[in-house]
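Working notes, structure below.
The values are calculated or read from the model by the stated rules, or taken from the named source; none is laboratory data. These figures come from a predicted structure and were not determined experimentally. Cβ coordinates were reconstructed from backbone atoms using ideal geometry, including for glycine residues, and neighbour counts include every protein chain displayed. What goes into the accessible areas is simple: the full protein's heavy atoms, side chains included, and nothing from ligands, DNA or RNA. Shrake-Rupley method; radii C 1.70, N 1.55, O 1.52, S 1.80 Å.
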Amino acid sequence: MFADALQQVPYFTAREIEALVAAWNKPITLRRGELLVQRGQVERNLYFVREGLMRIYYPTETEEICVGFAYPPSMVCSFPSFVQGTASEYCIQALRQTELLGISKADFTALLELLPNLARFWREELEKVLVGRIDREIDLLLPEPERRLERLQRRSPHLFQLVPRKYIASYLRMTPETLSRLGHR
Amino acid sequence: MQSPAFLQQLQTAVRQLHATVETELQPLPDAVLNRKPRPDGWSVLECLEHLNRYARYYLPALTKALNGRPAAAPAAEVRYSWLGRKSLDLVRPDNGRQHKTVKHMNPSGSQLHRAVLTEFLQHQAELLALLASARTTNLNRRTVPVEFFRLLKLRVGETLEFVVRHQERHLQQVLRAAQTAAPALAV
C-alpha cells in the first residue's frame with residue numbers, strides 16, 4: 001500500500017521508492033479510540049496511514065475541536081510539535097482500527113538531504129497544506145454554516161462518506177443538529 | 001453469432017468481472033473505495049451501487065422471462081432488435097461518451113458500505129446461473145420490459161448482453177477510481 005502510493009508520484013524512481021519503503025519501517029496498530037499523540041507529548045515521528053481513520057483535535061475544557069482527519073494514503077503527525085520539537089497541543093486519535101507506518105524525524109531529515117526528489121515531494125506537500133490552510137481559514141471566517149458546509153463538500157466530498165457526522169460538524173464549527181438540518185446529501 | 005458461443009462469451013466476461021472485484025477491490029481500504037476521483041465523479045462504491053441498482057431490476061426480470069414459459073426451441077442465431085442495438089451501443093465499454101444517469105440509478109452522495117461489493121458478487125453468481133439456464137431457451141424472444149419505460153421490450157439475449165457490457169463499462173471506471181493516490185500530508 002505504501003509502495004503503491006509512492007508509485008503514484010511520477011518522479012520517484014524505483015530505487016527511491018525502495019529506500020523510502022525501507023526507512024518508513026515502524027509499524028503501529030491502534031485500536032478504535034486509542035491516541036497516537038497525546039497533548040503534551042513531543043512528536044518525534046511522521047506516519048503513513050495504511051488503513052483506518054484518525055482525527056486530529058484540539059482539546060479544550062468543554063469540547064474537543066476537530067482540526068483535521070487522516071486516512072489512507074495520508075501522512076500524518078502533530079505538525080507544530082514535529083517541526084519545532086515542542087510539546088503537542090493537539091491529540092491524534094484512531095476513530096477505527098488504524099494501521100500506520102512511522103519514520104523518525106531524524107531518519108526523515110537525513111532522507112530529505114539524501115534524496116532530492118523526496119525534498120521536492122515534501123516541498124510540494126507543504127505548499128498544498130498551506131493552500132488548504134488558507135482555504136480553511138476562509139471557511140472559518142464565513143459566518144453562514146451552509147457556506148462552510150458547501151465549501152467542504154466541494155473540496156473534500158469523500159469526507160462525508162468516511163467520517164462520522166459529529167466530527168464533521170465539529171470540524172465545520174457547527175452543532176451536529178445544524179449539520180443534519182442543512183441536509184448534506 | 002450462434003447462441004452457445006454467445007452465452008459462452010458472456011459467461012467468461014461475468015467470471016472475469018467477479019474475479020476483478022474479488023482480487024482487486026475487496027482488499028482496498030474504505031478510504032480508497034469511497035474516494036471520488038473528481039468532485040462530480042463516482043467513487044468505486046458508487047459505480048458498483050449503480051450496477052447493483054440495475055441488477056436489482058434486470059436479474060428478476062430476466063428470471064421471469066426465462067421461467068415464464070415452457071422452454072421454446074433454442075434459436076441457432078442471436079438476433080437484435082433496433083432498441084437492443086441502440087442500448088448496447090450506449091454501454092459498449094469502448095464507447096467513450098458519457099451519459100447522464102436517471103436520478104433513481106444515480107447513487108452519488110448516498111451512504112455506502114463494503115456490503116455493496118458483496119451484493120455485486122452475488123449478482124454475478126445469479127447472472128451466471130441465468131446464463132446457464134438460458135441455454136435451453138430462445139434468446140430472440142422479446143419479453144424483457146425496459147427499466148426506464150416498461151412498455152418497451154427487449155429480447156432475452158440482448159438484455160443479457162446489455163447487463164454484462166454495462167457492467168464491463170463501469171468496471172473500467174471503477175479500476176480508474178481505485179488507483180491508489182499519492183500520499184498527502186494531513187496536519
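Once every DSSP H run of n ≥ 4 in chain A is given -39500 (n - 2.57) and the sum is divided by its residues, what mean residue ellipticity at 222 nm do you get, rounded to the nearest 500 deg cm²/dmol?
Rounded to the nearest 500, it is -13500 deg cm²/dmol.
Can you list the HN-Hα couplings for segment B:150-157, worked out from phi with the Karplus curve (6.51, -1.76, 1.60; θ = phi - 60°), rounded to whole Hz and with x for Gly and Pro?
Ordered by residue, 3J(HN,Hα) equals 6, 6, 7, 10, 10, 6, 4, x Hz.
In whole angstrom, note down how far apart the Cα centers of segment B:115-187 and segment A:124-143 are.
Their Cα centres are 42 Å away from one another.
Take the Cβ-Cβ distance between B:SER81 and A:GLN38 as r, set R0 to 56 Å, and report the resulting FRET efficiency rounded to the nearest 0.05.
After rounding, the FRET efficiency stands at 0.25.
Could you derive backbone 3J(HN,Hα) for segment B:130-138 from the dihedral phi with the Karplus parameters 6.51, -1.76 and 1.60 (θ = phi - 60°), listing whole Hz in sequence and x where the residue is Gly or Pro?
Calculated HN-Hα couplings, in order: 5, 5, 5, 6, 6, 4, 9, 10, 8 Hz.
Over chain B, give the accessible area per residue in Å² for a 1.4 Å probe, as an integer. Mind showing how you got there, number by number?
On the way: 9090 Å² over 187 residues.
Result: 49 Å² per residue.
Relative contact order (percent) for segment A:2-113, with alpha-carbon contacts under 8 angstrom and 6 or more residues of separation?
37 percent
Which whole-number percent is the relative contact order of segment B:88-167 (Cα, under 8 Å, 6+ apart)?
Relative contact order for segment B:88-167 comes out at 35 percent.
How many percent of all Cα-Cα pairs in the protein assembly as shown sit more than 38 Å apart?
Beyond 38 Å sits 33 percent of the P(r) for the protein assembly as shown.
Can you give me the relative contact order of segment B:47-187 as a percent, contacts being Cα pairs under 8 Å and 6 or more apart? Spell out each step's value before the answer.
Working: 138 pairs, mean separation 61.8, N = 141.
For segment B:47-187, the relative contact order is 44 percent.
Compute a Gaussian network model of chain A, connecting alpha carbons closer than 10 Å, and tell me which residue from A:ILE28, A:ILE103, A:ILE134 fluctuates the most.
Maximum fluctuation in the GNM of chain A, among the listed residues, is at A:ILE134.
R0 = 35 Å: FRET efficiency of B:ASN106 with B:GLU24, Cβ-based, nearest 0.05?
According to the calculation, E is roughly 0.90.
Gap in Å between the Cα centre of segment B:1-43 and the Cα centre of segment A:152-180?
One Cα centre to the other: 31 Å.
Give the separation of the Cα centroids, segment B:81-104 to segment A:39-70, in Å.
Centre-to-centre distance over Cα atoms comes out at 46 Å.
Ordering A:TYR167, A:TYR47, A:TYR90 from largest to smallest accessible area (1.4 angstrom probe), what's the sequence? Mind dumping the intermediate values first?
Values: A:TYR167 40, A:TYR47 15, A:TYR90 60 Å².
Descending order: A:TYR90, A:TYR167, A:TYR47.
What residue among A:GLU113, A:GLU61, A:GLU144 has the largest mean-square fluctuation in a Gaussian network model of chain A, using Cα springs under 10 Å?
Maximum among the listed residues: A:GLU61.
Can you give the convex hull volume of the alpha carbon atoms of segment B:52-146 per residue, in Å³?
So the per-residue Cα hull volume is 132 Å³.
Holding the Cα-Cα limit at 21 Å, pick out from B:LYS64/B:LYS86; A:LYS128/B:LYS36; B:LYS36/B:LYS103; B:LYS86/B:LYS153 the pairs that are longer than that.
Table pairs above 21 Å Cα-Cα are B:LYS64/B:LYS86.
A:THR178 versus B:LEU90, label points 7 Å from Cα toward the beta carbon: distance in nm?
4.3 nm
Calculate, for B:ALA182 and B:ARG15, the FRET efficiency according to 1/(1 + (r/R0)^6) with r their C-beta to C-beta distance and R0 35 Å; round to the nearest 0.05.
Values: r = 33 Å, r/R0 = 0.94.
Working from the Cβ atoms, E equals 0.60.
Taking every pair of alpha-carbon atoms in segment B:1-51, what share in percent sits in each 5 Å bin, from 0 to the bin with the longest distance?
4, 17, 19, 19, 13, 11, 8, 6, 2
Assign unit charges at the C-beta atoms only (+1 for Lys and Arg, -1 for Asp and Glu), then state the dipole size of the protein assembly as shown relative to its Cα centre in Debye, rounded to the nearest 20. Before the final figure, lay out the partial values.
Numbers: 50 positive and 38 negative charges, 343 e Å.
With only Lys, Arg, Asp and Glu charged at Cβ, the dipole is about 1640 debye.
What is the mean number of Cβ atoms from other protein chains located within 10 Å of the Cβ atom of each residue in peptide A:69-76, rounded to a whole number?
The mean count of partner-chain Cβ atoms within 10 Å per residue comes to 6.
Considering all alpha-carbon pairs of segment B:3-178, what whole percent are spaced by more than 20 angstrom?
Values: 7997 of 15400 pairs.
Value for segment B:3-178 (Cα pairs over 20 Å): 52 percent.
Counting pairwise Cα distances across segment A:105-180, what percent come out greater than 20 angstrom?
Distances greater than 20 Å cover 47 percent of the Cα pairs.
Once you've got the GNM for chain A with C-alpha springs shorter than 10 Å, pick whichever of A:SER74, A:SER170, A:SER156 has the biggest mean-square fluctuation.
Answer for the Gaussian network model of chain A: A:SER156.
One quarter of the convex hull surface, Cα atoms only: what value does that give for chain A in nm²?
Convex hull of Cα atoms, orientation-averaged projection: 10.9 nm².
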